[in-house]
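Below is one structure, written out as structure tokens, with a few remarks after it.
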Amino acid sequence: MLTATGEQSDRRMAELRREEEAAIEAGLRDAFFGFDLWSISNETMTGLSANAEWIKRNPRAQIRVSGHCDERGTNDYNVVLGEKRAKAVKRVLSDLGVNPKQVSIISFGKNRPFCSEHDESCYQQNRRGHFFLSMK
């Protein structure tokens, strides 16, 4: 039997999966970053521009951007770096005309990797601003 905390955790994980799937279905693209960087590249800007247009056409959309890092560096350092990445994504979306109230951020640092291999191609996948979507 699950405890109340276990049930809440299971519900929250299911909600996150739905929000992640909704972002994918909407065509929202993640923002990728270079090693130890939080600046937005031209390639990433293209995806964020498309994301901003979708969000502006959908004013009920609530976006959460989670900042992620690869496994290198300390946990504390990567939490700060992940936050800087998520904030950079939010700032660009706002500059492109998205209502800042529609976008929230969170940093997971290196704690929730997308890829668990220990090589550069995997590290590149983990250095991102990841999108979640809910409609209010």
A correct Karplus calculation of ³J(HN,Hα) over the stretch 100-112, with 6.51 cos²θ - 1.76 cosθ + 1.60, θ = phi - 60°, whole Hz and x for Gly and Pro, returns x, 5, 7, 10, 10, 10, 8, 10, 10, x, 9, 7, 10
Starting from the Cα of N99, move 7 Å in the Cα-to-Cβ direction to define the label point; list residues of the stretch 105-136 whose amide nitrogen is under 15 Å from there. 134-136
Note, ³J(HN,Hα) from phi for the stretch 42-52, Karplus 6.51, -1.76, 1.60, rounded to Hz, x at Gly and Pro: 4, 5, 5, 4, 4, x, 5, 4, 5, 4, 4
Just need the relative contact order of the chain here, percent rounded to a whole number, with Cα pairs under 8 Å and 6+ apart. 35 percent
The chain: radius of gyration and largest Cα-Cα distance (Dmax), Å: 15.2, 50
Lys/Arg Cβ at +1, Asp/Glu Cβ at -1, dipole of the stretch 36-76 taken about the Cα centre: which of S49, A61, L37 is farthest positive-ward? A61
I'd like to compare 102-109, 7-14: which one has the highest average count of other Cβ atoms within 10 Å, and what's the full order after that? 102-109, 7-14
Let's test the formula: R0 of 41 Å, r as the Cβ-Cβ distance of S121 and S49. What FRET efficiency results, to the nearest 0.05? 0.95
Summing -39500 (n - 2.57) over every DSSP H run of at least 4 residues in the chain and dividing by its residue count gives a helix-only mean residue ellipticity at 222 nm, to the nearest 500 deg cm²/dmol, of -16000 deg cm²/dmol
For the stretch 36-109, state what percent of all Cα-Cα pairs lands in each successive 5 Å bin, counting from 0 Å until the bin that includes the largest distance. 4, 17, 26, 22, 16, 9, 5, 1
Please compute the length gained on full extension between E25 and I106, using 0.36 nm multiplied by the number of residues separating them and subtracting their Cα-Cα distance. 27.0 nm
For a quick check of your reading of the filter: which trypsin sites (Lys or Arg not before Pro) in the stretch 28-115 sit in a DSSP loop and have no more than 10 other Cβ atoms within 10 Å? R60
The stretch 1-120 - charge dipole about Cα centre, Lys and Arg +1 at Cβ, Asp and Glu -1, debye rounded to 20: 700 debye
Förster-model FRET efficiency, 25 Å R0, D76 and M13, C-beta, rounded to 0.05: 0.50
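No value in this document is a laboratory result; all are computed from the given coordinates. Small disclaimer: the values here were computed from a predicted structure and weren't measured. Every residue, glycine as well, gets a Cβ built from its backbone with ideal geometry; the counts of neighbours run over all protein chains shown.
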